[in-house]
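Below: the structure, in structure tokens.
Just so it is clear, none of the values below were taken in a lab; they were calculated from the coordinates. Predicted model only: the values in this text are computed from it and were never measured. Backbone-built Cβ (ideal geometry, glycine too); neighbour counts: all protein chains shown.
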Amino acid sequence: MSSTPGLNRTKVWLAGSTGTSVWVPSRSHSLAVSNLPHVTSELDEMLAERGIARVIQNYARGIDRVDLDLVATCYWPGATDDHGTYSGDAEGFVEWARAGLRRFERTMHVLCNCIIEVDLPADAARAETYCLAYHRFADGRDAGGPGGPTDLVTALRYLDRFERRSGEWRIARRVLAYEWGRLDAVGPEKLFGRRFQRGSRDEHDPLWHIMETR
């Protein structure tokens, strides 16, 4: 622990981390040593929640951009996934998704409420993430609806058991709880002209080029 003269803050080195520190507010320019275990525990929990949230977000990005290598990094070897139409090991799920995503023109997984409950001593956490998942069919008959462009909209929750191994958080078990779904007929899209950037499901998506200098 160290403090900066003239500033009401103290540097705290995080327990269980390598060379990681943060500045925290201090009382009277100092932080009682007896308070440090509580402070570092809360900070470690915050870092765990951030790491878990990033995995959940990477999963959604990987599915929507059809980057299945990224999706695979979200699971531990031997993890399981119950998607309803698929239930089995995570490795099999990745291959199932790789084939299944070809049915859609586009997908959009909108992540909503996310509650993460971390058990640091057990190196485990439970996460509940609400999601609205949009799947665009070129022909709605492929989804059991009328012909023409159709959106399958599904409201669901991702229920995850996360485990921390060697300092890294990944999914050990995932179950999808479905709430409702519907099929929406889609009219002709006339919203976007040629001047609009459109998303794509390959290396041409603007995401992969945004850091390039012109």
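In this structure, the amide hydrogen of His109, modeled 1.01 Å from its nitrogen in the peptide plane, lies closer than 5 angstrom to those of Tyr134, counting only residues at least 5 positions away or on a different chain. Once the Cβ-Cβ distance of Val175 and Asp123 is raised to the sixth power relative to R0 = 30 Å, the FRET efficiency obtained is 0.90.
A simple charge model with +1 on the Cβ of Lys and Arg, -1 on the Cβ of Asp and Glu and nothing else charged puts the dipole of region 76-209 at about 500 debye relative to its Cα centre. From least to most packed, judged by other beta carbons within 10 angstrom and beginning with the fewest, Tyr130, Tyr178, Tyr158 follow the order Tyr178, Tyr130, Tyr158. In order along region 94-100, the phi-based Karplus estimate (6.51 cos²θ - 1.76 cosθ + 1.60, θ = phi - 60°) of 3J(HN,Hα) comes to 4, 5, 4, 5, 4, 6, x Hz; Gly and Pro are listed as x. As a ratio to 2.2 N^0.38 Å, the alpha-carbon radius of gyration for region 69-201 is 1.23.
Determine the gain in length on full extension of the stretch Arg61-Ser166; use 0.36 nm per residue of separation and subtract their C-alpha separation, reporting nm with one decimal.
35.4 nm
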